[in-house]
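What follows is a short report on a single structure.
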Amino acid sequence: MKTTLILSALITMATVSASGNDALRLAVSPKQAFAPSNLNIRARVVPDPANRMLEVVAESGEFYRSSRTQLDGDQAPAMITFEFRGVPGGDYIVSGTLIDDMGRRRAVAREHVVLLSSIDEQQP
């Protein structure tokens, strides 16, 4: 019984840490689409005086795009949107990193996105 409880707690902790911290949450739309596609990313940031920067990255094996925006601590908006246009086909990890006033990571959130290549993109 004790082993089951400990195992259950570890699985729960892993699930929580993989989905991000409460200080930062990401929502990416679409999660699956045909390429090229525009990715709309909404970052929910809990206001905090230490918040200074938010970086969002979309990365696959062959493509990388990023954007950064400055935050004004607890005066920053709670919802920040990004749009990455014309993203080619691939299996993407979209991540957001909240950076504090000392340049350290405060929170990281990740989402998985699949953009299916069209037949024209697959031919040489």
Among Leu24, Val87, Ile41, which residue has its Cα furthest toward the positive end of the charge dipole of the range 20-122, with +1 on Lys/Arg Cβ and -1 on Asp/Glu Cβ? Leu24
With each label point set 7 Å from Cα along the Cα-Cβ vector, what nm distance links Arg68 and Glu83? 2.4 nm
Given R₀ = 35 Å, what would the calculated FRET efficiency be for Met102 paired with Asn38, taking r from the Cβ atoms and rounding to 0.05? 0.55
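Convex hull volume of the Cα atoms in the range 20-122, per residue, in Å³? Before the final figure, lay out each step's value.
Details: hull volume 8.0 nm³, N = 103.
Expressed per residue, the convex hull around the Cα atoms of the range 20-122 is 77 Å³.
At most 11 other Cβ atoms within 10 Å and a DSSP loop assignment: could you name the trypsin sites (Lys or Arg not before Pro) in the range 61-124 that fit? Before the final figure, lay out the partial values.
Working: sites: Arg65, Arg68, Arg85, Arg104, Arg105, Arg106, Arg110; in loops: Arg104.
In loop regions of the range 61-124 (DSSP not H, G, I, E or B), the sparsely surrounded trypsin sites (Lys or Arg not before Pro) are Arg104.
Readers should treat all values here as calculations from the given coordinates under stated rules, not as data from a laboratory. Predicted model, so just to flag it, every value in this text is computed and none were measured. Reconstructed Cβ throughout: ideal geometry from the backbone, glycine too, with neighbour counts over all protein chains shown.
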